[in-house]
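Have a look at the structure below, then the notes.
What follows is calculated from the coordinates using simple rules that are stated; it is not laboratory data. Everything numeric here is computed off the predicted structure, so don't read it as measured data. Here the Cβ is made from the backbone with ideal geometry for all residues, glycine too, and neighbour counts use every protein chain on show.
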Amino acid sequence: MKEKILHFFRLVYRLKDNIAFYPSLIGLAGFTFAYIMFYLEERGISKYLLDVTPQLVINNTETARALLTTFIAGLISIMVFSFTMVMSILSQASSNFSPRLLPGLISNRKHQIVLGCYLASIIYCIIILVYIEPDGNKYQLPGFSVLFAIIAMLMCLAAFIYFIHSISQAIQISNIMEKIFLSSKSRLDILIKNEDENDDIKKFEDTKNWERYPSNISGYLQDVSLKNIANIAKETNTRIQVTPVKGTFVLTEDDLFRADKKLDDEQVEKILRLFVFAQSEMIEDNYALAFKQLTEIAVKAMSPGINDPGTAINAIDYLTQLFAVRLRKNDVTYTKIDDEIRATMNTLTFKELLFQVMAALRTYCKHDIIIVQKLLTMLYSLKSICKNEVYSDAIETETEQLKRDAKESIKNERDLSFLRINT
């Protein structure tokens, strides 16, 4: 039962990044509020307020219909315009920066809430408009409900002004890179906080003879509930190693995890439910995605069509900060239960991560002396603060590779001497 509840919450967590999730919920709230107002109108709230504070109640049928009709038409126009702006920004971000940025922009909760306010107000006004009946001796116009429609319209106008401001900020590449950096740093800080320098993870190094359990589904491994896997490992008195790295594509029958003893079918089924596969990735689940996104932004900025070295330099600055944080993390992610490591997960090693970033930047930026200088500065800075010998060797290797490629691409001897590369 616990695993089914967890699976449900994970499904909701994945849905919340959909652009229609919050608008649908808020639209349903607008529909519900309209029927709450119906209930209050049946109780005579408009008639009561008309006697006590007539200023709050609209008591003219034609005026009420004209207002509601105008509100509906105006809100639909505003919503269409806002949606068009969102689509335009997504297209611009994809072509100018990187398609990998789209999930993060789509999942912007503030913009979803604004669109939801539009939808809820439209639904509310339509229902109230239908509720208005022709004038009669015993009929009381729902004037109080119409007052709330006016309030909703004013709120939507304020939300529209905020939306214009927010969307203009969201498309700025500096803000996009800052958001990517902060999300990844937050994720890395959480992982580092759960580590201990004294933890012995060597007992997970030799798992060749452990029981292997294949995946029952194909897809990109988006997330793993390692803590719950560790709890199951404790219950079964075993140790579990998750084989694939987050973000990799897993085929059916590929090794998904290993255990140091055989598990029954029910236990295996419980563990399999704790793996989440998807067609997209979020930085909140996989910090390595931030390195990919920042690298792609830098590479795209250096393309002949864009030719924006300033953006590439800013991206390298953020990469430097992220690498500095990554230096403090082990190459294996693990979870402890009662001070004993019960579950581990392979992660992208620092050496592989640095190579993937530098390989792309070396290929597309090695001809630009300013970018090469910036990359060398990044590597020298990382080397000066690195305390891990394996990490330090990886930095030294990438430094030499960058110098070699720069020497082959840059023919100006003065530029090479400026970079302190021997000619």
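Here the spin labels are modelled as points 7 Å beyond Cα on the Cα-Cβ line, and at SER174 and LEU28 they lie 4.1 nm apart.
Structural descriptor for the chain: relative contact order 15 percent, calculated from alpha carbon pairs under 8 angstrom and at least 6 residues apart.
Legend: calculated FRET efficiency, ALA158 to ASP338, from the Cβ-Cβ distance at R0 = 60 Å, rounded to 0.05, equals 0.70. According to the Kirkwood relation over distinct C-alpha pairs, the hydrodynamic radius of segment 213-257 is 11.1 Å.
Kirkwood Rh over alpha-carbon pairs of the chain, then Stokes-Einstein at 25 °C and 0.890 mPa s: what D in µm² s⁻¹, rounded to an integer? Stokes-Einstein gives a translational diffusion coefficient of 95 µm²/s. Considering only GluC sites (Glu not before Pro) in DSSP loops that have at most 11 other Cβ atoms within 10 Å, the longest stretch of the chain without any of them is 1-196. Less than 5 angstrom separates the built amide H of ASN59 from none of the residues sequence-distant by 5 or more or on a different chain.
Relative to the current alpha-carbon distance between GLU235 and ASP260, full extension at 0.36 nm per residue lengthens the span by 7.6 nm. If you take the Cα centroid of segment 219-255 and the Cα centroid of segment 373-423, the two points sit 37 Å apart. Output the pairs from LYS208/LYS246; LYS234/LYS383; LYS336/LYS403; LYS329/LYS366; LYS110/LYS383 with a Cα-Cα distance over 31 Å in this structure; if there are none, say none. Beyond 31 Å: LYS234/LYS383; LYS336/LYS403; LYS110/LYS383. The P(r) of segment 349-423 has a tail past 20 Å containing 27 percent of all C-alpha pairs. Each residue of segment 180-188 was assigned a 3J(HN,Hα) from its phi angle through the Karplus curve 6.51 cos²θ - 1.76 cosθ + 1.60 (θ = phi - 60°); the sequence is 4, 4, 5, 5, 5, 4, 4, 5, 5 Hz, with glycine and proline shown as x.
Here the relative contact order of segment 233-343, from alpha carbon pairs under 8 Å that lie six or more residues apart, stands at 25 percent. Taking 7 Å steps out from each Cα toward its Cβ at LYS411 and ALA20 produces label points 5.7 nm apart.
For segment 246-345, the pair-distance distribution built from all alpha carbon pairs, in bins 5 Å wide starting at 0, is 2, 9, 13, 16, 16, 14, 10, 7, 6, 4, 2, 1 percent.
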